[in-house]
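Colleague: For reference, the structure I am asking about is given below.
The values are calculated or read from the model by the stated rules, or taken from the named source; none is laboratory data. This one's a predicted model, so the numbers in the text were calculated from it and none came from an experiment. So basically every Cβ, Gly included, is an ideal-geometry build from the backbone, and we count neighbours across all protein chains shown. We work out accessible area using only protein heavy atoms, side chains counted, and drop any ligands, DNA or RNA first. Shrake-Rupley method; radii C 1.70, N 1.55, O 1.52, S 1.80 Å.
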Amino acid sequence: MPPPESKLTDGTSHPEWFATTHWSVVLSAGKKNLSQASEALEKLCRTYWPPLYSYVRRQGHGAEDAQDLTQAFFAKLLEKNFWARADRKKGQFRNFLLTALRQFLSDERDRARAAKRGGGVPLISIDEEAVEEKFLEGLDQNLSGEQQFDRQWARAVLDQARARLRKECVDSGKSAFYERVNLLGDKEEGAATYSKIAEDVGMSVSALKSAVSRLRERYAELVREEVAQTVSSTAEVDAEIGYLLSVIGT
């Protein structure tokens with residue numbers, strides 16, 4: 001569940017968010033020293049596997065073929081010369097990847113996929129069954145492949161922010177608190193729920209509400225940071241967040 005839109009689109013962006021963005025990672029991969037960027041690239045691949053896989057599935061490919069194609073596409077992304085064509089001035093990283101995937105699928109129709117799978121590059125480690133389950137859960141036949149991609153992309157951004165928030169809580173010894181307050185969704189909030197969780201975590205109800213508020217504010221900040229990684233300037237953050245919230249149905 002995303003944080004309230006008012007917290008996400010407050011116009012606040014920090015310059016340090018842009019010190020290392022997804023664009024800077026891929027542009028460095030287009031230079032000679034690929035080894036320094038390979039780890040970051042693999043992380044990007046794992047993070048945005050679901051939306052790209054979803055798009056391939058919506059093009060009519062079965063689960064196994066879609067897995068092969070997505071693996072092959074990411075193997076292509078890990079090639080140094082691929083990123084030489086990248087240009088952050090073209091806008092959102094989301095649109096760049098989708099355009100690249102479309103071109104890749106078009107090219108693959110003219111080649112023998114089995115001969116090219118991996119291309120000598122180690123495949124990305126991914127839980128393919130989990131990704132297929134996520135695709136089926138989010139499948140909406142009323143959406144085009146592009147719309148499905150954008151919805152899955154939005155969810156990937158929120159999932160990444162939530163994973164970072166959970167890690168922060170674990171690292172600070174608050175994992176039990178995080179797991180309990182994670183139950184406080186908008187539809188479940190109430191005096192009884194707060195009272196029970198406050199008792200479980202050894203806090204007063206007022207202290208719990210304050211802690212939950214701080215946690216949500218941090219989550220909103222992490223979402224903004226994640227979105228900032230995918231655009232080329234601070235001026236684009238709010239517009240991208242607004243768009244992602246609209247496609248995810250919040």
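Yes/no per residue for (1) of a type in the set (A, V, I, L, M, F, W, C); (2) farther than 22 Å from Phe96 by Cβ; (3) in contact with a Ser or Thr (Cβ under 6 Å, 6 or more places away or on another chain):
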| residue | (1), (2), (3) |
| --- | --- |
| Ser172 | no, yes, no |
| Ala176 | yes, yes, no |
| Gly202 | no, yes, no |
| Leu215 | yes, yes, no |
| Thr230 | no, no, no |
| Ser246 | no, no, no |
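Colleague: Now for a separate question. In the range 202-220, how many residues are open to solvent by 40 Å² or more (accessible area, probe 1.4 Å) and touching a residue at least 24 places away in the same chain (Cβ under 8 Å)?
Modeller: 3
Colleague: Scan the range 137-160 residue by residue and report those that are hydrophobic (A, V, I, L, M, F, W, C) and within 18 Å of Thr70 (Cβ to Cβ).
Modeller: Passing the criteria: Leu139, Phe149, Trp153, Ala156.
Colleague: Among the residues in the range 228-236, are any surrounded by fewer than 14 Cβ atoms within 10 Å (Cβ to Cβ) and not charged (D, E, K, R)?
Modeller: Checked the range 228-236: at least one residue is surrounded by fewer than 14 Cβ atoms within 10 Å (Cβ to Cβ) and not charged (D, E, K, R).
Colleague: Then there is this: Listed residues Asn81, Asn33; which is at pLDDT below 85, in a loop (DSSP other than H, G, I, E, B) and either among the polar types (S, T, N, Q) or touching a strand residue (DSSP E or B) at 6+ places or on another chain (Cβ under 9 Å) (or both)?
Modeller: Just a single option satisfies the conditions, and that option is Asn33.
Colleague: Name the residue that is modelled with the highest pLDDT, counting only residues in the range 134-151 that are among the polar types (S, T, N, Q) and farther than 14 Å from Gly249 by Cα.
Modeller: That would be Ser144.
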